[in-house]
1. Which of (1) surrounded by 18 or more Cβ atoms within 10 Å (Cβ to Cβ); (2) of a type outside the set (S, T, N, Q); (3) over 23 Å from Ala238 (Cβ atoms) is the odd one out, the single condition Val152 does not satisfy?
2. Tell me the residue from Lys53, Lys112 that is within 27 Å of Asn123 (Cβ to Cβ) and either of a type in the set (S, T, N, Q) or more than 10 Å from ligand 1 (Cβ to nearest atom) (or both), please.
3. Can we say Ala319 is in contact with a Lys or Arg (Cβ under 8 Å, 6 or more places away or on another chain), in a helix (DSSP H, G or I) and away from ligand 2 (no atom under 16 Å from the Cβ)?
4. Can you find, within segment 222-235, the residue that is nearest to Phe145 (Cα to Cα) among those that are assigned to a helix (DSSP H, G or I) and within 9 Å of ligand 2 (Cβ to nearest atom)?
5. Taking the condition surrounded by 13 or more Cβ atoms within 10 Å (Cβ to Cβ) and within 13 Å of the chain's Cα centre (by Cα), does Val219 pass?
6. Within segment 1-38, take every residue that is among the small types (Gly, Ala, Ser) and part of a strand (DSSP E or B) and give me the one that is nearest to Pro291 (Cα to Cα).
7. Within segment 293-333, can you find the residues that are at pLDDT 95 or above and closer than 20 Å to Ala103 by Cβ?
Amino acid sequence: MVKAVVLGAAGGIGQPLSLLLKANPAVTELGLYDIVNTPGVAADLSHISTPAKVVGYLPPDDGLAKTLKGADIVVIPAGVPRKPGMTRDDLFKINAGIVRDLATGIAKAAPKAFVLVISNPVNSTVPIVAEVFKQHGVFDPKRLFGVTTLDVVRASTFVAEVIGDLGKAPSITVPVVGGHSGITIVPLLSQSSTPLPSGFAQAELEKLTNRIQYGGDEVVKAKDGAGSATLSMAYAGAEFAQKVIRAIKGEKGIVAPTFVHLSSEPAGGAALKKEIGKDLEYFSAPVELGPDGVASIKSLAKLTDYEKGLIDAAIPELATNIEKGVSFISASK
Ligand code: NAD
Ligand code: LMR
């Protein structure tokens with residue numbers, strides 16, 4: 001039995017993500033929460049002939065707590081998206097408070113749930129959730145994930161395009177590490193499961209890296225004021241949620257990059273800090289998932305000098321983003 005909850009379920013990501021979770025036979029209950037439209041979205045999805053029982057609540061009458069009751073996995077795509085010319089950090093002003101309030105609800109109603117944060121800026125919203133959980137004495141670093149899967153999905157697709165065979169896209173894996181914004185997104189293309197064509201020039205590698213780092217901007221520009229990636233994000237969010245669900249059901253050997261807290265627990269956090277040469281509290285790294293969430297944080301393995309340079313360039317911005325999230329909560333104590 002798995003209860004999945006989507007907070008922000010009526011939005012551009014929330015609706016297709018809820019559809020994909022309803023279509024997942026491993027999900028037996030689906031809770032939908034938003035400040036608008038969730039009863040309608042829930043009624044619509046509830047007619048689909050899959051196992052999940054669907055409930056949808058709005059804020060009145062403790063709607064958040066009712067939605068979260070018994071949740072095993074909570075996915076958060078609530079918050080405003082970018083418009084052209086904005087950075088993800090520009091969303092902090094509005095989204096930080098939204099995520100803080102939702103995290104408070106989770107800490108009270110579903111403190112043991114696995115929490116998957118999609119709301120931007122992920123580099124800051126994940127620390128916000130952690131700090132709220134710490135205040136409530138329920139923080140477990142193994143159960144909190146920043147969803148960076150869309151970067152991984154884009155890397156697979158763009159590498160398949162370079163190779164000239166989109167048919168290979170589903171089987172290509174590229175670790176994407178660091179964080180989830182611009183230069184903090186670091187694709188490790190030297191570790192692509194399908195190597196880049198021989199003779200791939202450094203200039204082409206830099207162009208491909210830049211496209212992965214700024215894939216989100218490509219969509220924001222194309223949508224021209226109507227928001228950012230929603231459908232590809234719903235796909236990526238459902239894929240990551242399914243990995244977490246498979247792992248909690250006991251499947252072994254599932255590894256995926258995700259933005260996690262680096263501490264002595266779970267294993268690997270302290271070693272990763274040494275590897276990147278900086279005492280960062282969070283980093284997106286390949287993580288082995290297990291029944292309790294993060295089973296271990298993996299090494300970044302052998303990096304090229306170019307990739308080392310990308311990581312060094314990402315660190316100052318990551319540190320600033322993380323600190324901004326942490327101090328938002330300490331300042332509002
Ligand atoms: P959207 O505006 O279409 O939907 C957001 C939803 O959140 C709306 O339905 C809104 O009513 C709801 N909401 C607002 N305040 C809320 C609250 N307090 N409680 C519950 N729900 C609330 O936006 P979107 O396109 O779905 O994007 C949502 C977020 O996801 C944005 O911050 C965006 O930047 C982010 N995003 C992240 C990634 C990623 O890779 N992590 C990818 C794409 C988008
Ligand atoms: C993305 O990578 O598509 C998201 O983070 C949304 C955005 O603002 O680009």
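The values are calculated or read from the model by the stated rules, or taken from the named source; none is laboratory data. Just so we're clear, the structure is a prediction, and the values are computed from it rather than from any experiment. Neighbour counts run over all protein chains shown; Cβ positions are idealised from the backbone, glycine included.
1. All conditions pass for Val152, except number (3).
2. So the residue among Lys53, Lys112 that is within 27 Å of Asn123 (Cβ to Cβ) and either of a type in the set (S, T, N, Q) or more than 10 Å from ligand 1 (Cβ to nearest atom) (or both) is Lys112.
3. Values: in contact with a Lys or Arg (Cβ under 8 Å, 6 or more places away or on another chain): yes; in a helix (DSSP H, G or I): yes; away from ligand 2 (no atom under 16 Å from the Cβ): yes.
Answer is yes for this residue.
4. Among those residues, the one meeting the criterion is Met233.
5. The answer is no for Val219.
6. Restricting to residues being among the small types (Gly, Ala, Ser) and part of a strand (DSSP E or B), the top hit is Ala4.
7. Gly293, Val294, Asn321, Ile322, Glu323, Lys324, Gly325, Val326, Ser327, Phe328, Ile329
Listed here are the residues, each with its yes/no results for (1) of a type outside the set (Ser, Thr, Tyr); (2) under 20 Å from Ala319 (Cβ atoms); (3) in contact with a strand residue (DSSP E or B) (Cβ under 7 Å, 6 or more places away or on another chain).
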residue: Asp101; (1), (2), (3): yes, no, no
residue: Val115; (1), (2), (3): yes, no, yes
residue: Ile118; (1), (2), (3): yes, no, yes
residue: Val122; (1), (2), (3): yes, yes, yes
residue: Val132; (1), (2), (3): yes, no, no
residue: Gln135; (1), (2), (3): yes, no, no
